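Here is the structure we will look at, set down as structure tokens.
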Amino acid sequence: MSLSKYDRPKTVSKASKNPKDKRVRAKLKRLDDSYKNAVKEAQNTEILLQESAGLMETETEMEKTFKVTQKDIKDSVDESMNRKAIDLKLTEYGPYVFDYSRNGRSLLLGGRKGHVASMDWQYGKLHCELHLNETVNAVKHLHNDQFFAVAQKKYTFIYDKLGTELHRLKQHIEVKHLEFLPYHYLLATAGNTGFLKYQDVSTGVLISELRTKMGPTISMKQNPWNAVVHLGHSNGQVSLWSPTMSKPLVKILNSRGSVKSIAIDRTGNYMACTSTDRTLKVWDIRMFKELNYRSLPTPGLSCDISDTNLLSVSFGPHINIYKDIFTNDHKDVKLYMHHLNAGSKVEMNKFIPFEDILSFGHENGVKNIIVPGSGEANFDSLEINPFESAKQRQESEVRTLVNKLKPDMITLDPNVIGTIDKRANTTRLTAKDLAELTNKQREVGANDVKMDILPKVKGKNSSLRRHLRKKSKNVIDERKMRVESNLKREKELRAKIHAKKNGTFKDEENDLLNPALSRFG
């Protein structure tokens, strides 16, 4: 079997692999050997991956997969999968939003009218239940299921697994959307204030506070590949943000209406957006190019992408699931599944990690439906383990804290970090040259004072007045001449008084004419 399947992109040229220094050459050789061993081990472990993801297939071309109902699927699967298709009927505090932990074991519910609950949804074990008596806008798990954040009416609060209030984030006001960056331990919030704020939950420090200048944030999603946060705005734009940049990295004009929801796949290559102009658009983020386009009957309220690149879109009480929407043309995209939640509008939908389950929250609770082939069949237990014990969870928490990344490492292309600068030594600046260059720029900036260009303001400087001034520019007026002479005389008198005070005034004694006869001179 060829090793090209497991090969990684090479960012180091051959010239840089043969340096003159023996120590550097030996170190590069060790790195190259460990890289080759990792590729061989990845090939050998493929034999152990017994599970394979499979989609629904029809026997004849006349049959359609989207006509298969949930009742038909439940009759065909085993009892353990049937138990996972739960239906939580919560009619008093809806509509509901929810979030799953990274390993998919813990479910966090948030009702609009103040009901918050955390539970192990597979075993039906309730961890905590809160009635906050105020509006709940969003809920989010942090690095594991032990802590979660709740965006309430005014402030954002952090609770533990048992429902104890730990922190009140006073700087996060009127938050509507929450995102957590697991490798940076950053909680990102956005809402009605138009600010994007990053809070380090390991140290409690507010990392950055970015003003979007685009009004309230309508939707929010993070790119799991590079940790860049995507914000959807009411003007149809999608902006990409990093905590170290005060301006957006990229702005994408997605639609004519406000962007209601954003979904990004696991590899970070594709983005799907729904908007109020009833469009569903798929973008290639690597080239910022539109790949696919679908028209919906009503505006899409929520969308999500599974680990196997299935796209789910909810509009009204309907949920559509598409397959091959990232690879096929607009005409070749086929509807994979359809579900109708009769009598209740779907608020949000999300695929459960490592499960063939799509969960959606609606006005009367939360419900799971079975979507064959949507979950990742083989997982890396050293990265995210759905069956981890308490000891493994504690060890992983310590390990992620030690390996925590800095906020300034969030870029559009994370592969740039750690690469070799291939420029020649003559073109690269040393630290001393860089310091001298910055000092010179500061000195030039201090000496060179430039006048600020004021904007054009209507009023006294209107077009009519400009025309009249140009028209009377060369006209000799008696009143104008008299005013100018008086101003000149006053100026000379002030200069004479100033000179007498300083003692520098000299009287003209050589004048033969007295002041009385000076007018005849």
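Observations on the model:
- Added length on full extension, which subtracts the Cα-Cα distance from 0.36 nm per residue, K125 to L487: 121.1 nm
- Spin-label pair T430/K406, simplified geometry with 7 Å Cα→Cβ offset, distance in nm: 2.3 nm
- Electrostatic bookkeeping for L210 treats Lys and Arg as +1 and Asp and Glu as -1; over the other residues with beta carbon under 12 Å from its beta carbon, the sum is +3.
- Normalised per residue, the accessible area of region 81-167 is 44 Å², obtained with a 1.4 Å probe and no contribution from ligands, DNA or RNA.
- Spatially proximal aspartates and glutamates relative to K40 (Cα-Cα < 12 Å; intrachain offsets below 8 disregarded): D7
- Sites Q441 and D413, calculated FRET efficiency, Cβ-Cβ separation with R0 35 Å, nearest 0.05: 0.80
- Take every pair of alpha-carbon atoms less than 8 Å apart whose residues are at least six positions apart; their mean separation over the length of the chain yields a relative contact order of 10 percent.
- Exceeding the 29 Å Cα-Cα cut-off - candidates K247/K345; K161/K197; K64/K345: K247/K345
- Cut-off 12 Å between beta-carbons: net charge of the residues surrounding S261, Lys and Arg +1, Asp and Glu -1: +2
- Residue (of N320, V346, V229) at the positive-pole extreme of region 66-370, dipole from beta-carbon charges: V229
- Folded to 0 to 90 degrees: helix 22-44 orientation relative to the chain principal axis, Cα: 40 degrees
- Full extension of the chain between R83 and H338 yields a length gain of 89.7 nm, computed as 0.36 nm times the residue separation minus the alpha carbon distance.
- Based on DSSP H segments of at least four residues, each scored -39500 (n - 2.57), the chain has a per-residue ellipticity at 222 nm of -6000 deg cm²/dmol.
- Apportionment of accessible area to carbon and sulfur, the chain, percent (1.4 Å): 52 percent
- Helix axis angle, 478-502 relative to the chain longest principal axis, alpha carbon, degrees: 90 degrees
- Listed residue pairs exceeding 31 Å between alpha carbons, taken from K153/K367; K36/K331; K71/K350; K84/K391; K153/K221: K36/K331
- When all protein chains stay in place and ligands, DNA and RNA are ignored, the 1.4 Å accessible-area order of H467, H318, largest first, is H467, H318.
- Per-residue SASA entry for H330, accessible area with 1.4 Å probe, Å² rounded to 10: 80 Å²
- Checked against a 28 Å cut-off, the cross-linked pairs K140/K406; K113/K213; K67/K125 give Cα-Cα distances beyond that limit for K113/K213; K67/K125.
- Computed about the Cα centre, the dipole magnitude for region 66-370 is approximately 840 debye when only Lys and Arg (+1) and Asp and Glu (-1) carry charge, each at its Cβ.
- For region 362-369, Karplus couplings with θ = phi - 60° (6.51, -1.76, 1.60), whole Hz, Gly/Pro x: 9, 5, 10, x, 10, 9, 10, 10
- When D380, D356, D304 are compared by accessible surface with a 1.4 Å probe, the order from highest to lowest is D380, D356, D304.
- Here's the list of aspartates and glutamates a cross-link from K154 could span, going by alpha-carbon distance under 15 Å and ignoring same-chain residues fewer than 8 apart: E134, E174.
- Degrees, to the nearest 10: 431-447 long Cα axis against longest axis of the chain: 40 degrees
- Solvent exposure of F505, expressed as accessible area, is near 90 Å², computed with a probe of 1.4 Å over the protein chains only.
- Rough spin-label spacing in nm, given labels placed 7 Å along Cα→Cβ, for K213 and R393: 4.5 nm
The values are calculated or read from the model by the stated rules, or taken from the named source; none is laboratory data. Everything numeric in this text was worked out from a predicted model, so none of it was measured. Neighbour counts are summed over all protein chains in view; Cβ atoms, including those assigned to glycine, are modelled from backbone coordinates with ideal geometry. Accessible surface areas use protein heavy atoms only, side chains included; no ligands, DNA or RNA. Shrake-Rupley method; radii C 1.70, N 1.55, O 1.52, S 1.80 Å.
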